[in-house]
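Nothing in this text is a laboratory measurement; each read-out follows from the coordinates by a stated rule. Only a predicted model underlies this, so the values are computations on that prediction, with no experimental measurement involved. Every residue, glycine among them, receives a Cβ derived from its backbone with ideal geometry; neighbour counts consider all protein chains shown.
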Amino acid sequence: MKLKIAGILLATAAMTFSGAAIAQENSSNRVAANTDWSVFVEDEPKECWGVSAPKETVNSRDGQTVEVRRGDILLFVFYRPGASVQGQVAFTGGYPFASGSTAELDIGGTKFELFTEGEWAWPATPEEDARIVAAMKRGSGATLVARSGRGTRTQDTFSLLGFTAAVEEAARRCTS
């Protein structure tokens, strides 16, 4: 049952977050920048998100660091008025994840599993989203480790400096 709900959330979020990634490229949608995190707002439909790019990225294959081409690498927390999930966490690694794989999110030694589909990863339940957001508010950094469809291990490290201000701004703009 949990995986079925995750699949439904995954499909819905994939469509939404694709628009969020595109809108991020349009700086006119950016309404705030809080150190390493920015806040974006889309009006039709009303959507708000805090987002950051990694400070460090390491790609490896067979234990050796390799150069690979990746698209946008972004960590999001997403809000939409009336949505059943407020503060939904999502990660896009800039490549298609290995089929059936998961991504591991580590925040100060606390680890969370994110389910993957295509180029997107997120938690299985709204409760897990809330636990991750709470951990991110307390933490100073977050590391995401995943595997691409080509077998490359990726490790992306994000700063959480400005995270709390960004998600509070996004929530204020989109949950009322």
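Descriptive notes on the structure:
- Overall form of the range 22-146 per C-alpha gyration tensor (a/c, 1.5; a/b vs b/c): prolate
- Net charge of Cβ neighbours under 13 Å - reference Asp106; Lys, Arg +1; Asp, Glu -1: -2
- Residue order, fewest to most beta carbons within 10 Å, for Glu56, Glu44, Glu168: Glu44, Glu56, Glu168
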